[in-house]
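Worksheet: one structure, shown below.
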Amino acid sequence: MSTFLNPFQMNQFQPQPLAGTISSLGLSTVTRPCRIAQAQGSSVAASMAVTLADTASGIAEVVAATSPTDKIYGFIAYAKVQNVYSAGQVVPVAQLGCQMWMVAKQAISVGQELEYDPVTGKVVPHTSGSNTVIGLAESKAVNPNDLVRVHIMVPTIFPEFSV
């Protein structure tokens, strides 16, 4: 029996991606290496949102997002070798332009703006308000816990323009 972790689970019809898997359909499949800050008390896992930690380090340090209004820096990407990380470890972070498979908290339509729910670790349709829009749904989620392909739109590097 092989212990090699495959980013796809086989079913009787076709491979099913795992949460945190980067889709090759996106503008970018490049991830940024970041270190989990010492301030992060619990472990982080694939597809979790992270924010920048206020540390003096030579590498970007991140902590798990704790609020829907947090300024999201990116999402922990699925890695074949390891998918749960603790403080001090280097993690692959997917950002602007990547497409990632994420778990939906409820039904989601193609093209909907999404936000991240840090309590459940799942994505939900964006509601009006100050919650951070993290991306667009590029596939449909019919039921809770379905995987949805998300075009990541954070961090936002351009100011918003009003006409």
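Considering only the other residues whose Cβ falls under 14 Å of the Cβ of SER24, what net charge follows from Lys and Arg at +1 and Asp and Glu at -1?
Values: positive: ARG149; negative: GLU138.
Net charge around SER24: 0.
Run down the aspartates and glutamates and flag those whose C-alpha is under 13 Å from the C-alpha of LYS122, throwing out any fewer than 8 positions away in its chain.
ASP146
Please report the spacing between the Cα centers of the stretch 70-114 and the stretch 14-64 in Å, no decimals.
6
State whether the stretch 30-95 is rounded, prolate or oblate according to the following rule on the C-alpha gyration tensor (a ≥ b ≥ c being the square roots of its eigenvalues): a/c under 1.5 gives rounded; otherwise a/b larger than b/c gives prolate, and the remaining case gives oblate.
rounded
Can you figure out the FRET efficiency of THR120 with GLN89, using R₀ = 22 Å and their beta-carbon distance, to the nearest 0.05?
0.40
Can you give the net charge of the other residues whose Cβ lies under 13 Å from the Cβ of LYS71, counting K and R as +1 and D and E as -1?
Once positives and negatives cancel, what remains is -3.
Bear in mind that the values in this text are calculations on the coordinates, not laboratory data. Values in this document were obtained by computation on a predicted structure and should not be read as measured data. Heads up, the Cβs are rebuilt from the backbone with ideal geometry, glycines too, and the neighbour counts pull from every protein chain shown.
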